[in-house]
Protein chains: 2
Amino acid sequence: MNKEGLVLVISGPSGVGKGTVVKELLKSQDEFAVSVSATTRNPREGEQHGKDYFFLKKDEFVDLINNDKVLEYATYCDNYYGTPRDYVEQTIQTGKNIILEIEVQGALQVIKSCPNAVSIFIMPQTLAVLQDRLTGRGTETNDVIAKRMHTAIGEIKQATKYNYVVVNDSLDDCVNDIKQIIKAEKLRTIRMENFVKEVLSNV
Amino acid sequence: MNKEGLVLVISGPSGVGKGTVVKELLKSQDEFAVSVSATTRNPREGEQHGKDYFFLKKDEFVDLINNDKVLEYATYCDNYYGTPRDYVEQTIQTGKNIILEIEVQGALQVIKSCPNAVSIFIMPQTLAVLQDRLTGRGTETNDVIAKRMHTAIGEIKQATKYNYVVVNDSLDDCVNDIKQIIKAEKLRTIRMENFVKEVLSNV
């Protein structure tokens with residue numbers, strides 16, 4: 001059938017555990033790869049170009065933006081951060097699904113710039129569960145947690161802009177749900193068109 | 001989450017084995033039900049109203065059409081045949097997925113009249129396989145088979161109007177593919193909106 005991998009946008013509020021979900025998916029190295037971001041900040045000790053980040057000069061990054069070569073970007077502390085389109089497209093050509101683990105603002109940009117991307121919003125079972133997780137880290141004051149909850153609620157309000165909503169109640173179930181989505185998405189007509197053409201080519 | 005079942009349109013060319021696939025799905029009686037058609041033809045010996053068909057008078061059927069109460073219909077030998085909307089909607093309210101096993105013209109009508117329906121086109125692996133199956137029945141002349149192949153090719157050309165394309169190479173794989181699609185479809189945002197609202201209702 002179609003050998004191309006999927007562009008998988010995995011997003012959700014802070015504290016929902018999307019990092020753990022992505023780490024679990026990446027255990028299937030043959031199936032999944034993770035996107036490498038570009039940035040204009042300086043490399044830190046031990047960071048490798050093309051592995052941790054693509055380290056670019058500011059004018060190089062602006063060129064990417066102007067040529068529609070980033071799927072999303074943002075600025076933070078005077079530096080650009082973004083997802084280079086070419087790296088994503090080259091990776092799916094190898095047949096792997098590329099994971100973009102990304103916060104909500106960036107995800108909404110990718111949903112627009114890459115219409116074939118499969119976007120998944122990871123939800124907590126309840127807000128109380130999310131609050132427990134944020135509190136459980138034990139590293140933040142009540143004020144900081146209240147602020148994060150406020151942000152999280154704003155993010156959850158964007159959930160309906162994604163293709164799928166998956167609940168991270170149990171890690172295994174959540175990862176399985178995502179794998180089911182991937183299998184079904186590969187059977188979507190848009191990805192089976194070449195097969196249909198191939199069958200008809202023998203007429 | 002969302003307890004409503006799916007409206008599942010299962011279609012494909014004659015000879016592709018969609019009847020066998022549907023029979024296999026229906027073994028899970030808790031999950032699946034099959035749609036009951038309405039018709040204006042007379043009941044045959046042993047046929048039960050509401051089980052084999054809903055037997056209607058012509059003016060009753062025309063009323064259904066005029067009130068947008070059939071998802072699709074056709075006439076055959078001066079009789080109407082069609083899929084009543086109310087029966088479909090009542091069935092999905094029980095949580096079961098309702099299967100509409102339907103030929104291509106009818107399926108294309110349902111895709112329009114019921115935008116939330118999940119439409120699946122079952123494909124043969126190759127045209128040669130389909131021809132073998134049609135020949136294998138051993139009941140038809142070459143002329144009839146050639147005519148059916150011609151029709152099948154016309155139907156396959158409509159495959160891209162469906163949501164999904166599934167290959168019936170092995171029955172088990174085909175049935176599994178459909179079950180994966182159902183699981184993923186239940187996680188589609190449109191079916192998770194109530195859950196998102198519920199989570200946010202505790203703010």
Taking the stretch B:169-195 and keeping only residues that are over 18 Å from the mean Cα position of the chain (by Cα), farther than 30 Å from A:LEU127 by Cβ and part of a helix (DSSP H, G or I), one is left with B:ASP172, B:ASP173
Restricting the stretch A:135-168 to residues that are over 17 Å from the mean Cα position of the chain (by Cα) and within 8 Å of chain B (Cβ to nearest Cβ), the one farthest from A:VAL118 (Cα to Cα) turns out to be A:ILE153
Scanning the stretch A:183-195 for residues that are surrounded by fewer than 20 Cβ atoms within 10 Å (Cβ to Cβ) and either on the phi > 0 side of the Ramachandran plot or facing chain B (nearest Cβ under 9 Å) (or both) gives A:LYS183, A:ARG188, A:THR189, A:ILE190, A:ARG191, A:GLU193, A:PHE195
Next on the checklist: Scan the stretch A:22-35 and tell me whether some residue there is closer than 24 Å to A:GLN105 by Cβ and part of a loop (DSSP other than H, G, I, E, B).
Outcome noted: yes
Picked from the stretch B:108-154 (must be in contact with an Asp or Glu (Cβ under 7 Å, 6 or more places away or on another chain) and free of Cβ contacts under 8 Å to residues at least 60 places away in the same chain), the residue nearest to B:VAL175 (Cα to Cα) is B:GLN125
Scanning the stretch B:61-88 for residues that are part of a helix (DSSP H, G or I) and not hydroxyl-bearing (Ser, Thr, Tyr) gives B:PHE61, B:VAL62, B:ASP63, B:LEU64, B:ILE65, B:ASN66, B:ARG85, B:ASP86, B:VAL88
State whether one or more residues within the stretch A:56-75 are at positive phi and not aromatic (Phe, Trp, Tyr). yes
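Do the conditions hold for A:VAL165, that is, is it buried (at least 18 other Cβ atoms within 10 Å of the Cβ), modelled with pLDDT of 95 or more and assigned to a helix (DSSP H, G or I)? Working first, answer last.
Working: buried (at least 18 other Cβ atoms within 10 Å of the Cβ): yes; modelled with pLDDT of 95 or more: yes; assigned to a helix (DSSP H, G or I): no.
Answer is no for this residue.
Go through the stretch B:141-156 and give me each residue that's of a type in the set (D, E, K, R) and surrounded by 14 or more Cβ atoms within 10 Å (Cβ to Cβ).
Of all residues in the stretch B:141-156, those of a type in the set (D, E, K, R) come to B:143, B:147-148, B:155.
B:ARG148, B:GLU155, listed by residue number.
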* To do: Answer with yes or no whether A:GLN105 is surrounded by fewer than 18 Cβ atoms within 10 Å (Cβ to Cβ), in a helix (DSSP H, G or I), at pLDDT below 95 and in contact with an Asp or Glu (Cβ under 9 Å, 6 or more places away or on another chain).
  => yes
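Go through the residues of the stretch A:169-176 one by one and say whether even a single one is in contact with a Lys or Arg (Cβ under 8 Å, 6 or more places away or on another chain), modelled with pLDDT of 95 or more and within 10 Å of another protein chain (Cβ to nearest Cβ). Lay out the reasoning, then the answer.
The first filter runs over the stretch A:169-176 and keeps only residues in contact with a Lys or Arg (Cβ under 8 Å, 6 or more places away or on another chain), leaving none.
No; the residues of the stretch A:169-176 include none that is in contact with a Lys or Arg (Cβ under 8 Å, 6 or more places away or on another chain), modelled with pLDDT of 95 or more and within 10 Å of another protein chain (Cβ to nearest Cβ).
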B:GLU198 passes all but one of the listed conditions (1) more than 30 Å from A:ILE122 (Cα to Cα); (2) loosely packed, with under 13 Cβ neighbours inside 10 Å; (3) within 12 Å of chain A (Cβ to nearest Cβ); the exception is number (1)
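Filter the stretch A:108-120 for residues that are hydrophobic (A, V, I, L, M, F, W, C) and assigned to a helix (DSSP H, G or I) and give the result. So that I can check it myself, show each step before the final result.
Looking only at the stretch A:108-120, we keep the residues that are hydrophobic (A, V, I, L, M, F, W, C), and these are A:108, A:110-111, A:114, A:117-118, A:120.
Of everything in the stretch A:108-120, those that are hydrophobic (A, V, I, L, M, F, W, C) and assigned to a helix (DSSP H, G or I) turn out to be A:LEU108, A:VAL110, A:ILE111.
Considering each of B:THR139, B:THR91, B:THR135 in turn, give the residue that is at pLDDT 95 or above, farther than 19 Å from A:THR189 by Cβ and either of a type outside the set (A, V, I, L, M, F, W, C) or assigned to a helix (DSSP H, G or I) (or both).
Working: B:THR139 fails: at pLDDT 95 or above; B:THR135 fails: at pLDDT 95 or above.
So the residue among B:THR139, B:THR91, B:THR135 that is at pLDDT 95 or above, farther than 19 Å from A:THR189 by Cβ and either of a type outside the set (A, V, I, L, M, F, W, C) or assigned to a helix (DSSP H, G or I) (or both) is B:THR91.
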Looking across the stretch A:40-60 at residues that are within 20 Å of the chain's Cα centre (by Cα) and outside any strand (DSSP E or B), the single one that is nearest to A:ASN79 (Cα to Cα) is A:ASP52
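Determine, yes or no, whether A:ILE98 is modelled with pLDDT of 95 or more and assigned to a strand (DSSP E or B).
Values: modelled with pLDDT of 95 or more: yes; assigned to a strand (DSSP E or B): yes.
Criteria met by A:ILE98.
Here are some residues: A:GLY19, A:GLY12, A:GLY46, A:GLY50. Which one is of a type outside the set (Lys, Arg) and either surrounded by 19 or more Cβ atoms within 10 Å (Cβ to Cβ) or under 22 Å from A:GLU185 (Cβ atoms) (or both)?
So the residue among A:GLY19, A:GLY12, A:GLY46, A:GLY50 that is of a type outside the set (Lys, Arg) and either surrounded by 19 or more Cβ atoms within 10 Å (Cβ to Cβ) or under 22 Å from A:GLU185 (Cβ atoms) (or both) is A:GLY12.
The values are calculated or read from the model by the stated rules, or taken from the named source; none is laboratory data. In this text, all values refer to a predicted model and were calculated from it rather than measured experimentally. Positions of Cβ are generated from backbone atoms using ideal geometry, with glycine treated the same way; all protein chains shown enter the neighbour counts.
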